1. In the list A:Gly305, A:Gly315, which residue meets the criterion of being surrounded by fewer than 22 Cβ atoms within 10 Å (Cβ to Cβ), outside any helix (DSSP H, G or I) and without any contact (Cβ under 8 Å) to a residue 60 or more places away in the chain?
2. Let me confirm something: among A:Val159, A:Val147, A:Val129, A:Val200, which residue is in contact (Cβ under 8 Å) with a residue 12 or more places away in the chain and surrounded by fewer than 19 Cβ atoms within 10 Å (Cβ to Cβ)?
3. Tell me the residue from A:Leu255, A:Leu310 that is assigned to a helix (DSSP H, G or I), surrounded by fewer than 20 Cβ atoms within 10 Å (Cβ to Cβ) and not acidic (Asp, Glu), please.
4. Tell me, please, whether a residue that is closer than 19 Å to B:Pro234 by Cβ, touching a Gly at 6+ places or on another chain (Cβ under 9 Å), in a strand (DSSP E or B) and not small (Gly, Ala, Ser) can be found in region B:47-66.
5. In the same structural domain as A:Ala162 (by TED's automatic domain parsing), in contact (Cβ under 8 Å) with a residue 12 or more places away in the chain and crowded, with 24+ Cβ neighbours inside 10 Å, is that true of A:Ala138?
6. Identify, by number, the condition in (1) part of a helix (DSSP H, G or I); (2) at pLDDT 95 or above; (3) not polar (S, T, N, Q) that B:Ile230 doesn't meet.
7. Among the residues of region B:30-40, count how many are more than 14 Å from B:His73 (Cα to Cα) and part of a helix (DSSP H, G or I).
8. Say we look at region B:94-120 and pick out the residues that are out of contact with any strand residue (DSSP E or B) (no Cβ under 9 Å at 6 or more places or on another chain) and within 8 Å of chain A (Cβ to nearest Cβ); which of these is modelled with the lowest pLDDT?
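The values are calculated or read from the model by the stated rules, or taken from the named source; none is laboratory data. None of the values given here were measured: they were computed from a predicted structure. Every residue, glycine as well, gets a Cβ built from its backbone with ideal geometry; the counts of neighbours run over all protein chains shown.
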Amino acid sequence: MSINPKAKLVEHILDLRAIEQVPTRKGYGEGLLEAGEKDPRVVALCADLTESTQTHLFAKKFPERFIEMGVAEQNMATVAAGLASYGKIPFITSYAMFSPGRNWEQIRTTICYNNVPVKVIGSHAGISVGPDGATHQAIEDMAITRVIPNMTVINPCDVHEARKATLAALEVGPVYIRLHREKTPVMTTPESPFEIGKAVTVWDSDSNRVDASIVACGPLVYNAILAASELEKEGYKIRVLNSHTVKPLDEEDVLKAAKDSGAIVTVEEHQITGGLGSAVAEYLAKNYPVPMEFVGVENRFGESGAPNELLKAFGMESADIKKAILKVISRKK
Amino acid sequence: MHLHDEKIKFLEETANKIRESIIEMLVEAGSGHTAGPLGMADIFTAFYFHILNHDPKNPLWPDRDRLFLSNGHICPVQYAALAHAGYFTLDELKTLRKFGTRLQGHPHRGALPGVESTSGPLGSGLSQAAGYAYGARMDGKRFRVYCLMSDGEHDAGNIWEGAMFAGKYKLSNLTGLIDRNNIQIDGMTEDIMPLEPLRKKYEAFNWHVIEIDGHNFEEIVNAVEEAKAIYEKPTLVIAHTIPGKGIKEIEFDYKWHGVPPNKEQAAKFLSELRTLGGKITSEHQ
C-alpha cells in the first residue's frame, strides 16, 4: 500500500464499507461557524437555501451577521461587494449553478475587479446532484471562475478539507469554493495538511519509478486513489495529487509529477474544458509537455439519475480512471 | 440647510465650469458619452460642493459620506466634479480613456481618489451601495451612502433586486437618485421599455420617494435633507433632468447619449457655455 503518510489520511481508506461518508457542504457549515467566531467581520448571505447549504449553523449562532437575500443571486453578489468594500468579509452561498452561474458578471466586475474579499460558495456542484437533473448540475463553474483575475478556486476533496478551505479563505481575497450535495468518502483527517495553492500527494510510488500521475480535485480524489491501488496490484506505480486548489495551481508539484512519471491524467467532476485538466494542460504545454488524458464530462449536459448511476454513465468511476491511466502510459514514448 | 443666493450663484458657476471640462475631456478622448454627463452636472455639483461631508485632501477619511455612481458611463461628470473639488488636478482630466490613465472609460474603484465604486455594467450600483449601507449600519456608522443611477438602467433586474433588498432592510442611511432624463441608447425610455409609474414602483418597494427638478439646486439640496429625516425607509430622489442640459443642440436628443462632440462642435459648445457664464438655470427657478 502506497498511501503517503504525510497526507495523514484515514486508516482503512480502501475499505469501502468502513469509510465514513459525509457531504463536503457540511464541512463548509462548520468552517463558516468557526470563521464567524474567529473574525467579527465575517457575515453570511444566503439565497433562500440556508439549510441545504449548511449556512443555518452560522445563522443560528450569529443572527445579526446573517443576511437572507431571497432567490436573487445577482443581488447577493453585488450586496456582498458593497459589504466587502465597506470592510466586512461576506460569504455568499447558493447552488453553484446560480452562484457563480447566474451572477457571473457581478462576481467578475464588482468582486474580482474591485478585488474585495467576498467568498463565493457554490454548493451542489457537479452531476452528482443527481435527480434534480441538468439544470441544477453545475459542471462549468470552475471554468468561469478560474478565468477571472484575482480569483482563487478551491474544490475540497472531503468534509475536513472543506472546513479547512473555508477557514483558509479568510486569508485571501475573492475565493470560489466548490461543494457537493452528496455524501462522499471522508479520506482526510483533521490533522491532514491544507494550504491554499499547495497540492497534497495522497498516494505515491513505493519505488523510484512512477508510471503515471493523477492530478485530481474534489471527492473524485477518492476514485483516483482506488484506481491507483488497483493498478498497483497489477504492477503499475502511480502518484496521486489532490489538487484541491485549481487556481492558483500548484505548478511545482505538477511539474515534478510530469517529470517523474512522464504521463498525467486529470480527474474532475466538471467539463473537461476549462477546469482542472485545462489548468494542468496549459501549464505543462508550456513547461514540460507529456501525454495527458482527461477524466471529466465531455462537452455535454448532465441528466437525472442516482449519483452513482451518473458517475458511471459519465465515465468518472475508478474503472474509467484506470482505463485513462493505461491509455496515457501506452502513449509514452 | 437652505441655500442662500450667493451659494446658488457659486454652484451655478461651478456647474458651468464642470460642463466646459466635460466637453473638453470628451473631444480630447474622441469617445464617450455626452448627454448624460451634461444633464447631471448640476446634481454632481450639488453633491461635491454642498451636500457631501467629504475631504478631497483626505479621500479615504473613514467618516466621509459615500457616493456610488451606478451608471458608470456618465463618469466624465464625476471625474470633472472630483477634479474641480480638488481630488486631483484639472490637467489630469485630459487623460480620460487614454492608455495608462487613472480616468478609465468606466470608473474603477481604487484607481482614482474619490471613486467609491466600479461601474459600467448597468444595474449593479444600487445593490453595492445597499450592501455598503447595511455594513455601515451594523457598525453604527453615521455617514450616509448615496447612489446615483440612470433611468435606462432600470430595465435591468439586478437594480430591482437591490431596491427590494433596501426596502426590506429599511436602509434609511441610503439615498438613491435617478437621473430621469428619459433617454437611453436606442431611444426614449418609454419606447424602449416603459419605466412608469417609476415613483409608484419604488413606493411599492417600501421607499420614500421625492420628485425634483434636477437642475434646481434648492430642490436637490432640500430633497437630500428630507431624506436624512426619514428614519424608517430608504429614500429615492427622482431627478427630472434634461439630457445635454446647457447646450441647446444636445438637449433632449437621445442620439447624443453615447457619442462625443467633434472639434468644431466642441468649439461651438464651449463658446455657448462661456457666453452663458453660469446662467444655466432651471425653468422653475
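1. So the residue among A:Gly305, A:Gly315 that is surrounded by fewer than 22 Cβ atoms within 10 Å (Cβ to Cβ), outside any helix (DSSP H, G or I) and without any contact (Cβ under 8 Å) to a residue 60 or more places away in the chain is A:Gly315.
2. A:Val147
3. Among A:Leu255, A:Leu310, only A:Leu255 is assigned to a helix (DSSP H, G or I), surrounded by fewer than 20 Cβ atoms within 10 Å (Cβ to Cβ) and not acidic (Asp, Glu).
4. No; the residues of region B:47-66 include none that is closer than 19 Å to B:Pro234 by Cβ, touching a Gly at 6+ places or on another chain (Cβ under 9 Å), in a strand (DSSP E or B) and not small (Gly, Ala, Ser).
5. yes
6. Among (1) part of a helix (DSSP H, G or I); (2) at pLDDT 95 or above; (3) not polar (S, T, N, Q), the lone unmet condition for B:Ile230 is (1).
7. 0
8. The qualifying residue modelled with the lowest pLDDT is B:Gly110.
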